[in-house]
Amino acid sequence: TPVERVSGKSLSAAEFFERYSSTSTPVVLTDVVKDMTPSPWTIEYLRTAIGDKHAPVKRVVPGSAEWAQLETARTMRVSDFIDSLEEDINTEQLYLFDWSLPIHCPELSKELAIPKYFSGDLLKKTREGSLYRDSWPSLFVAPKGLSGGLHVDAFGSNFWMALFQGRKRWLFFQKEDLPLLYPRYSHSMDPTFDADVFRPDLEKYPLLSLTHPRECVLQPGELLFVPAGCPHRVENLDKSLAVSGNFVDESNFEVAKEELRLNALKDPRSLDLLQQFDDMIIDKRATTK
């Protein structure tokens, strides 16, 4: 099933919420990314802006119980990592993955204007230092050919990704498809998956034939919205640069609270965030009386 493409020039924030966010419908937005930075971001620009910083890089480990089958390989200078993106050097397929800009590169983060569709993010309304408040937007820089494992974004969050350079092939499923994808729960509430959804083996995993996959190739300058709970897998068709954010709005507020309620059993920061979300409900009710 193809993913709808819509120009941000004619889509209001209210229309986005009504047509896509509240209905858990993925969409590709065009004419949005170009307005997110004063000048276009490229991988070479990152070398100039943050090349001296050090960052953890990941590698794909097939069969790993880690989220998206990604394990930390080592920490290295960003400029050295960018050098490794050349096809004849990056034999390890290293990946700068979901690296928080507000935490690690605050000056670079200030260059970004978050699109109006995500301005209602309730995570940004929490107290300073709260869980996830400064986790996003985050940076993704990948070599050509790298493909992470199938995964679901954490704590019932919605997700957006703005692509600045390269192309990414996205394959994702409805949240109702999750039990049909053979999830494994090894050491957290976040499932991992053994089935290769790009090349499905229906003899070994027959339930895959009952799923409802959607696919798109995200082009430079486009932004993809992925609703909460949707399993997805991504392949980098070129070396790529993207920025992303996980967020909570009214569409996934209750789902996020349920996930946090479970996480709070072992994580005090999840409990604190859950209590702040509960207070937001109380405040909203008080202002509407």
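Laid out as a table, the results:
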{"read-out": "Label-point gap, in nm, between Ile103 and Ala73 - each point 7 angstrom along Cα→Cβ", "value": "2.1"}
{"read-out": "Most mobile listed residue (Ala242, Ala73, Ala162) in the chain, GNM with C-alpha springs under 10 Å", "value": "Ala73"}
{"read-out": "Net length gained if the chain between Glu203 and Glu86 were fully extended (0.36 nm per residue, minus Cα distance)", "value": "38.3 nm"}
{"read-out": "Given charges at beta-carbon only (K, R positive; D, E negative), |dipole| of region 44-117 in Debye", "value": "360"}
{"read-out": "Cα-centre dipole for region 97-140 with unit charges at Cβ (Lys and Arg positive, Asp and Glu negative), debye to 20", "value": "240"}
{"read-out": "Cα-Cα pairs of region 46-157 separated by more than 26 Å (percent)", "value": "27"}
{"read-out": "Segment Arg184-Asp52, length gained on full extension (0.36 nm per residue, minus Cα span)", "value": "43.7 nm"}
{"read-out": "Count, lysine Cα pairs under 22 Å in region 107-253, 8 or more residues apart or across chains", "value": "8"}
{"read-out": "Region 197-289: C-alpha gyration tensor shape, a/c 1.5 cut-off, then a/b vs b/c", "value": "prolate"}
{"read-out": "For region 110-169: accessible area per residue (Å², 1.4 Å)", "value": "34"}
{"read-out": "Cα centroid separation, region 155-177 to region 35-84 (Å)", "value": "18"}
{"read-out": "Pairwise FRET efficiency - Asp267 versus Lys110, Cβ, R0 = 25 Å, nearest 0.05", "value": "0.25"}
{"read-out": "Sequence-distant residues sharing a close amide H with Lys239 (under 5 Å, placed H)", "value": "Lys144"}
{"read-out": "Apportionment of accessible area to carbon and sulfur, the chain, percent (1.4 Å)", "value": "52"}
{"read-out": "Theoretical FRET efficiency, 1/(1+(r/R0)^6), r = Cβ-Cβ of Ser7 and Thr42, R0 25 Å, to 0.05", "value": "0.60"}
{"read-out": "Within a Gaussian network of the chain (alpha carbon springs, distance under 10 Å), most fluctuating of Leu70, Leu210, Leu271", "value": "Leu210"}
{"read-out": "Cβ crowding within 10 Å averaged over residues, with 61-67, 188-194, 147-153, 130-136 ranked highest first", "value": "147-153, 130-136, 188-194, 61-67"}
{"read-out": "Per-bin percent of Cα-Cα distances, region 1-61 [5 Å]", "value": "4, 12, 16, 15, 12, 13, 16, 11, 2"}
{"read-out": "Added length on full extension, which subtracts the Cα-Cα distance from 0.36 nm per residue, Asp278 to Ser130", "value": "51.8 nm"}
{"read-out": "Positive-end extreme of charge dipole, the chain - chosen from Leu150, Val28, Thr211 (charges on Cβ)", "value": "Val28"}
{"read-out": "Helix-only CD estimate at 222 nm, as mean residue ellipticity for the chain, using -39500 (n - 2.57) per DSSP H run (n ≥ 4)", "value": "-5500 deg cm²/dmol"}
{"read-out": "Region 137-289, dipole about Cα centre (Lys/Arg Cβ +1, Asp/Glu Cβ -1), debye to the nearest 20", "value": "300"}
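The values are calculated or read from the model by the stated rules, or taken from the named source; none is laboratory data. Given the structure is predicted, the values throughout are model-derived calculations rather than measurements. Positions of Cβ are backbone-derived with ideal geometry, glycine not excepted, and every protein chain shown enters the neighbour counts. Ligands, DNA and RNA are stripped out before the accessible areas are found, and what is left, the full protein with its side chains, is counted by its heavy atoms. Shrake-Rupley method; radii C 1.70, N 1.55, O 1.52, S 1.80 Å.
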